[in-house]
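Encoded as structure tokens, the structure appears first; notes follow it.
Computed from the coordinates by the stated procedures, all read-outs in this text should not be read as laboratory data. Just so you know, these numbers come straight off a predicted model, no measurement behind them. Backbone-built Cβ (ideal geometry, glycine too); neighbour counts: all protein chains shown.
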Amino acid sequence: MTKKKAKKSRKKDKSPSKAKKIKKIAKKLSKKWMIVIGSSILIILFLSYFLGIKVNFLINDELNVLVDPKYQNIHAHNNETISVNFEIQNKNFASCKSSCILNFIDLETGSSISEEIIFNHNQKLSQSYDITLPEFGTGIRYYEFSAECKNLKSLLCPTTGGSQFRTSMISVDYNLSQREAIIKEEFGQKYDDWTNKFYEIEKNYFIQNLYFARIPSNIQEKIELLNTLIGVSDNLDIHRTNLKNSILIWNSEEYLTLNNSNFKFLDSESNKINQQLSNIKSEDIISTWNQISEKYSQIRELNPHVIKSSNILVNELSSSQLNKEFEKNILEILKLFDTINSNSVFSLNEHLINLNNSIVKLNNTILIIEGTVIKGNSINSEVKELLNQNNFSNISNSSNLCLNIFSNLNHLQNVSNSSISNSKVDMNLINNFTNVNCANHSLGFNSTNTFISTKFSLPNISLEYDFDNWNGNTEFDINDHKKSCCIFDQCFNCKDSGDTGKSPLIFIHGHTINEKNSPEHTMNVFSKVQNKLVEEEILNYGELDFYGKHLNIVDGEWGRHNKSISVRASYYYIAHYSLGNYEITAQKSERIENYAIRLKEIIDIVKKRTNSDKVIIIAHSMGGLVTREYTYLFGHENIDKIITINSPHNGVSKKISDFCPVLGSNKECNDMKQNSIFLNRLNSNEIPDNMYYAIRSVGCDMDGTTGDGIVTNESGYLDGATNFVIKGQCTDSLNTELHGLVLNPELYPEAFEIIKNIIKNKNE
């Protein structure tokens, strides 16, 4: 009984264990299904997320790089080291990291500092660079900071690898230190005084050398003067060198090496030379010489009296003492004259004294001789005796007779006016004789008299001079020291006005496919072209900073160098005043007409910052229509050239126009439709000759026609413009990449060449 019950009891225990097993199996199956279902859900979610990422990367701005500031002008002093600071931020998808190549370029030398930095999502980085300014002078130096960034591809970051490029232009305006400015002003004030003094010193020295050369070499005073002139010449050379060195220092703007001691030294040197020159008496020597010349002229004028006195001595006086004195005086004068005409060294001053004494003595002797009382009767008797002796019969003796008669008559006439009348000389008889027999004879003189009458001729030395062969102090030219602008291994005077004479370039973007994307993303289509144009010496001023209009950017600041500039700008931005500050906001849901009005503001800002009269506009896609609308509203006065690239001048196709407002602005999309009111009005206006250039690209299939994937070949053609066609292809999934890719100089160099040549033909 007990056993049966036990068996029965065991049978009953078997049923519950089976149920447990079933439950276990059910649980296991349930978990597996849950895992399968859960995994499926996860896979679906992942695929959806991944697909969403792919879609986001197609239609959204996957990366936006911000660089602040976009432009900066720094004021400093020479020989300073300053720091230039930037903030770089990458705004990208949360799942992405970015690689950025940062580059800081000295635009004068081309030297650069480059580094690659990995940015995490939305990471902000501060970057600083030191600039050592030139040691001397004033000027403006230009630098470019750039950040080229791209997302790093990963499973959760399926980037296409496209890069975003941002640029910041830096100009450093450096001036003199306070001490340098003071020294420069002091030197500038003294420069005219020093150079004028030197001019007068050199002029005086030149004159003294002229005089010195005219003085005979055997004069003692000239020999003594030579050492003084040599000393002046040496000191003048030293002064010239010191003055030239000071000016060279000035011209190199090394003002700190100029100081008050330099100034005092130059002053003392000029004063010293002037004192030396004042001691040079070349004019006095020449004056003494000319006095002597005049004395000899006086001796020649004494000749009749010398002759008369000689004849008196010969014919009337018997005093040997007086005769000796007379001859001695004549010989002294002859000896003095021989001395001055010889090579013997003599003192001119002593010569003048001796000559004066000799002339005085000669005059005194003549006075004594002429003052002798000569009786006319005795002379009369002598004449009669001569007449009676010869009876005019011997013609051979008539010569001596004539000489004696003339000598006596000459003496009578010169000694006394009444001598002849008192002598009772028969003048008729004498005249008859002399007229017949003495016509060919004249009063003769002894050798002394003849020598005196012909010899004493001494030319004057002129005190006149001219400067026809002298240029003065042209070697002391001084620089005007304008600010020096140095770019691309070239230095030149900075322009005060800022007008380079070369039209600035404004890049105008097209339609933003996704209204949520930033204007910077759209403007980036020009970055490679803009960078490439730097090789053509067109400075890259990056993106237009609207805030700068209201900050510290001086009119003409962007044009103080002699180069053209380029700048990207967006008509989406609008500045407004809020809470005491200017703010900038992007507005993308406007008519093209509104964008054209904003373009006017852009043009006005660029013109003001460059002081240029006109601009060149390079517009992509819808930007070409915005530009044409600007000219429709405001005319072409401010425009040099307009270059459009893949602009839908005749509207976009229905397929594109239907898709356009899905993500973008409906208003601007409507304006771009074929046969829209806007386009019909725009195309009804003629465009000026030689101003418009239209570049279009073809090679992408667009429902049976060709184009760039967005704009058809027919629509990209602009009637009245110079049109160009670039052949390419679309390889992307949307079949639209050629629309913007044609602006990549690496892929389509022919497009860049067209743009470059249009610009250069205008600006060269």
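Taking amide hydrogens as placed 1.01 Å from N in the peptide plane, the amide H of Ile618 sits under 5 Å from those of Ile506, Phe507, Ile508, Ile643, each at least 5 positions away in sequence or on another chain. Each peptide in 340-353, 641-654 gets a packing score, the mean of other Cβ atoms within 10 Å over its residues, and the list from highest to lowest is 641-654, 340-353. By its C-alpha gyration tensor, with a ≥ b ≥ c as the square roots of the eigenvalues, how is segment 599-714 shaped: rounded for a/c under 1.5, else prolate for a/b larger than b/c, else oblate? It is prolate, given that a/c is not under 1.5 and a/b is the larger ratio. Extending 7 Å from the Cα toward the beta-carbon at both Asn479 and Ser83 defines two label points whose distance is 3.2 nm. Peptides 226-238, 210-222, 533-545 ranked from most to least packed by the mean count of surrounding Cβ atoms within 10 Å: 533-545, 210-222, 226-238. A cut-off of 5 Å between modelled amide H atoms, ignoring neighbours fewer than 5 places along the same chain, links His511 with Met622, Gly623. Applying 1/(1 + (r/R0)^6) with R0 = 25 Å to the Cβ-Cβ distance of His636 and Ser733 gives a FRET efficiency near 0.05. The phi-based Karplus calculation (6.51 cos²θ - 1.76 cosθ + 1.60; θ = phi - 60°) puts the 3J(HN,Hα) values of segment 624-641 at x, 6, 4, 5, 5, 5, 4, 5, 5, 7, 10, x, 9, 4, 9, 10, 8, 9 Hz, whole numbers, x for Gly and Pro.
The convex hull drawn around the Cα atoms of segment 179-280, when projected onto a plane and averaged over every direction, covers 6.4 nm².
Cβ-Cβ distance of Asp237 and Asp701, R₀ of 51 Å, FRET efficiency by 1/(1 + (r/R0)^6): the value works out to about 0.05.
Taking amide H positions as modeled 1.01 Å from N, with prolines and chain starts lacking one, the residues under 5 Å from Phe724 and 5 or more places away or on another chain are Ala694, Ile695, Arg696. The phi-based Karplus calculation (6.51 cos²θ - 1.76 cosθ + 1.60; θ = phi - 60°) puts the 3J(HN,Hα) values of segment 521-535 at 4, 5, 5, 4, 4, 8, 4, 5, 5, 4, 5, 5, 5, 4, 4 Hz, whole numbers, x for Gly and Pro. The charge dipole of segment 502-764, taken about its Cα centre with unit charges on the Cβ atoms of Lys, Arg (+1), Asp and Glu (-1) only, comes to about 340 debye. Would you work out which of Asn204, Leu256, Leu225 lies farthest towards the positive end of the dipole of segment 179-280, given +1 charges on the beta-carbon of Lys and Arg and -1 on that of Asp and Glu, about the Cα centre? It is Leu225, whose Cα lies furthest towards the positive end.
Estimate the FRET efficiency between Asp489 and Asn343 by the formula 1/(1 + (r/R0)^6), using the beta-carbon distance for r and 60 Å for R0, to the nearest 0.05. Plugging the Cβ-Cβ distance into 1/(1 + (r/R0)^6) gives 0.35. Past the 21 Å Cα-Cα mark, which pairs from Lys70/Lys97; Lys91/Lys655; Lys495/Lys563? From Lys70/Lys97; Lys91/Lys655; Lys495/Lys563, over 21 Å: Lys70/Lys97; Lys91/Lys655. In this rough spin-label picture, where each label sits 7 Å from Cα along the Cβ direction, the Met691-Asn364 distance is 10.8 nm. Rounded to whole numbers, the Karplus 3J(HN,Hα) couplings from phi for segment 206-220 are 4, 5, 4, 5, 4, 4, 4, 5, 7, 7, x, 6, 8, 8, 4 Hz, using 6.51 cos²θ - 1.76 cosθ + 1.60 with θ = phi - 60°, and x at Gly and Pro.
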